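Asker: Please read through the structure below; I'll follow up with questions.
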Amino acid sequence: MTLQNCRMITGGTFVFNWNDIRVFLAVAEEGSTLAAASVIGMNQTTVARRIEALEHALKIQLFERDNRGYKLTAQGMALLDDMKGMRRAASKVSVSAEQLARDEHGVIRFSGNAEAMQRFGAGLVSAFREKNPGISFELQIDIAWDKDQPPLETGKSDVALRPLDEISGDTLIAKKIAQFPLGVYCNLAYQKIHGAPGNLVEASGHKFLIYSEDIASVMKSVRWLNDQIDPSQVLYQVNAVSSMVAALQVGDALGLLPCVTGDATPDLVQCFKHEELHHKLWLIASRESYSRPAVKKFMAFASEHFKALT
């Protein structure tokens, strides 16, 4: 029996269907049965009928109806937090069940952005599996930056590799596994024509490729360099390290890269470093995921693995 079809029973008497709580929350948050129907993938007439069934079961009016939509009554508002609590509880049951299923098969869902996974994640997994062949992995590439990614508490991933300055919050287990330098780079053709500036002062007359605000908001080094560059020097913005690499290889400008990436990229030359230009690499997991022996073992292994590399 699925959570959506589960019924609450008290003293042998039918009270209400869990699926109706989901409908109630959608209508409360969207303000109409039409908008709620679109969000939860249900027919609008069915949504309205389920709200009526829930009101009948609870013997109270949850919404005031008018031409502008559905508005919570005082009674509906009083129940809103409890209903949200039920949704959180149902989500937690679902996440826990998924984690238990992965425990049974020894599977870890490991996520990170493309650059981090290519440079560090894939090698880490290979090294771990040499010693722990019974544990399998699902590697997931994050498209968005951290502030736009689903939190680990949703269970979409067990462990994540994140290039961030700091990790906050008491619902996560975070291990700083390395700190890597960043540098300003250009391509060989640019060096021959314009020269490679050795510091920020020498770079004042050069054009730059910079990272977008999304990246600057989560990496202090990117923010710091962007603040040093006059807007007239900015050629254009990119939104990922891989985009910066591609743009620098063909572009007529300078740009910031992790040294481990820039130094390994053909046709790129390091111009200069600065003490402000570095980033931390974190391995993080939700507390629920970290309670799994396989995840805890993987994170402990990662700490030792990166100590040997840095």
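Asker: List every residue pair whose Cβ atoms sit under 7 Å apart, with the two residues 6 or more apart in sequence or on different chains, where the first one lies in the stretch 149-169 and is more than 18 Å from Leu139 (Cα to Cα) and the second, anywhere, is at pLDDT 75 or above and among the charged types (D, E, K, R).
Answerer: Leu164/Lys280; Asp165/Lys220; Asp165/Lys280
Asker: Looking only at the stretch 197-233, which residues are in contact with a helix residue (DSSP H, G or I) (Cβ under 8 Å, 6 or more places away or on another chain) and outside any helix (DSSP H, G or I)?
Answerer: Selection gives Pro197, Leu200, His206, Lys207, Phe208, Leu209, Ile210, Tyr211, Ser217, Val218, Asp230.
Asker: Please name all residue pairs, on different chains or six or more residues apart, with Cβ atoms under 6 Å, provided the first residue is in the stretch 113-128 and is closer than 16 Å to Thr265 by Cα and modelled with pLDDT under 85 and the second residue is crowded, with 16+ Cβ neighbours inside 10 Å and acidic (Asp, Glu).
Answerer: none
Asker: Here's a follow-up. Count, please, the residues in the stretch 239-263 that happen to be under 27 Å from the mean Cα position of the chain (by Cα) and either at pLDDT 95 or above or not in a strand (DSSP E or B) (or both).
Answerer: 17
Asker: Taking the stretch 137-152 as the search range and keeping residues that are surrounded by 19 or more Cβ atoms within 10 Å (Cβ to Cβ) and outside any loop (DSSP other than H, G, I, E, B), which one is modelled with the highest pLDDT?
Answerer: Phe137
Asker: OK, next. Out of Gly155, Gly134, report the one residue that is exposed (fewer than 14 other Cβ atoms within 10 Å of the Cβ), modelled with pLDDT under 90, more than 21 Å from Lys280 (Cβ to Cβ) and in the same structural domain as Val218 (by TED's automatic domain parsing).
Answerer: Gly134
Asker: Let me ask something additional. Could you check the stretch 13-64 and list, in sequence order, the residues that are hydrophobic (A, V, I, L, M, F, W, C) and not in a helix (DSSP H, G or I)?
Answerer: Within the stretch 13-64, Phe14, Val15, Phe16, Met42, Ile60, Leu62, Phe63 qualify.
Listed here are the residues, each with its yes/no results for (1) crowded, with 18+ Cβ neighbours inside 10 Å; (2) in the same structural domain as Asn187 (by TED's automatic domain parsing); (3) not basic (Lys, Arg).
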| site | (1), (2), (3) |
| --- | --- |
| Glu213 | no, yes, yes |
| Ser217 | no, yes, yes |
| Arg223 | no, yes, no |
| Asp230 | no, yes, yes |
| Val245 | yes, yes, yes |
| Cys271 | yes, yes, yes |
| Ala294 | yes, yes, yes |
| Lys297 | no, yes, no |
| Ala300 | no, yes, yes |
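Asker: Could you check, for the stretch 64-80, whether at least one of its residues is among the polar types (S, T, N, Q), modelled with pLDDT under 90 and either surrounded by fewer than 18 Cβ atoms within 10 Å (Cβ to Cβ) or assigned by TED's automatic domain parsing to the domain that holds Ser242 (or both)?
Answerer: Yes.
The values are calculated or read from the model by the stated rules, or taken from the named source; none is laboratory data. Keep in mind that this is a model prediction, so the values were computed, not measured. Quick reminder, even Gly has a Cβ in these numbers, built from the backbone with ideal geometry, and neighbours come from all protein chains shown.
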